[in-house]
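Inspection log for the structure reproduced underneath, given as structure tokens.
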Amino acid sequence: MLLAIDIGNTNVVWGIFQGRTLLAHWRLATDPKTTADEYGILCTNLLVRSGRTAEQITGAIISSVVPALTGTFESMIGTYFACTPLIVSSDMDTGLTLRYQNPKEIGSDRIVNASAAHHKFQRDLIIVDFGTATTFCAVTHAGEYLGGVIAPGLGISAEALFARAAKLSKVELARPKTVIGTDTAGSIQSGLLFGYAGLVDALVRRMEQELGRPFYVIATGGLASVVAPETSSIRKVEPLLTLEGLEFLFRRACDTPSGSDSR
């Protein structure tokens, strides 16, 4: 049984796989102050509640964009699950050719998503990940990772608005009944949701213009299901793409002879 962990800036999303099947997954708050023991107790308790035990875990893989927590989770997995995790990096065999000027600058979550999407779809792709930041990654049908775009995430954009505008209160990130708001809450929701959908469509359009052909656009991340229906560019939502990518990369690493690198 495989333990797959995606450490993001806002949430730690983790799941367990039996073979290629995702059996269960959970979402925890990201907190660099949380200790390995605290995360270990949380994870093992959730595992037990799902009817599994720590002893059933035989492998682990981590994607982390929070360096302060990478070591914490390595220690936690060693102590509570008795295995050494594989850490995702640009140096590993991803099945992609990384055309980035400095591949080490690519966030591990972007690498995981791109690898998973390429393996799953085998076509020209733009992957939009709605996380703390919203990232856009362009991957060709031949597996070339060309680069992408990083924009402020919808959540932090909303937080900035509420923090800097004294008379505006926080509202739920939900679809308003009309674009033209008839109250303050509806006006804010319209600006956030429809405005952000416009940002996505505009960036995708510009990327395709630069690439010279249309790309198939997929979305993942916590807010994908909220924003995607309001766009004209996103064709499919893959909510578990990152966890599926972690399983794929772990399986690929296990199948690759030591010392080889097919990037």
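The values are calculated or read from the model by the stated rules, or taken from the named source; none is laboratory data. Quantities reported herein were computed from a predicted structural model and do not represent experimental measurements. Heads up, the Cβs are rebuilt from the backbone with ideal geometry, glycines too, and the neighbour counts pull from every protein chain shown. Remember, those area values only see protein heavy atoms, side chains included, never the ligands or the DNA or RNA. Shrake-Rupley method; radii C 1.70, N 1.55, O 1.52, S 1.80 Å.
When the range 79-122 is described by a simple charge dipole with +1 on each Lys and Arg Cβ and -1 on each Asp and Glu Cβ, the residue from A114, M92, A82 located farthest towards its positive end is A114. Mean sequence separation of contacting Cα pairs (under 8 Å, at least six apart), scaled by the length of the range 192-249, corresponds to a relative contact order of 36 percent. Collect residues whose amide H, placed 1.01 Å from N in the peptide plane, falls under 5 Å from the amide H of G147; neighbours closer than 5 in sequence don't count. Amide H to amide H, under 5 Å and 5 or more residues apart or across chains, G147 pairs with A138. Under a Gaussian network description of the chain, with springs only between Cα atoms under 10 Å, the residue in T70, T79, T184 that fluctuates furthest is T184. Just checking the listed ones, L96, L42, L243: in the Gaussian network model of the chain with Cα springs under 10 Å, the one fluctuating most is L42. Taking amide H as placed 1.01 Å from N in the peptide plane, A24 has its amide H under 5 Å from the amide H of I16, each at least 5 places away in sequence or on another chain. Annotation: lysines with alpha-carbon distance below 28 angstrom to K170 (same-chain offsets under eight excluded): K33. For a straight C-alpha distance cut-off of 27 angstrom, the lysines reachable from K236 (same-chain residues fewer than eight places away being disregarded) are K120, K177. Across the protein chains, with a 1.4 Å probe defining accessible surface, the residues W14, W26 rank W26, W14 from largest area downward. Under a GNM of the chain (C-alpha, springs under 10 Å), which listed residue has the highest mean-square fluctuation: S90, S75, S50? Greatest mean-square fluctuation among the candidates belongs to S50. Across the range 124-133, computed HN-Hα scalar couplings (Karplus, 6.51 cos²θ - 1.76 cosθ + 1.60, θ = phi - 60°) run 5, 9, 10, 9, 9, 10, 8, x, 4, 9 Hz from first to last residue, x flagging Gly and Pro. In this structure, the amide hydrogen of E238, modeled 1.01 Å from its nitrogen in the peptide plane, lies closer than 5 angstrom to those of A219, T220, counting only residues at least 5 positions away or on a different chain.
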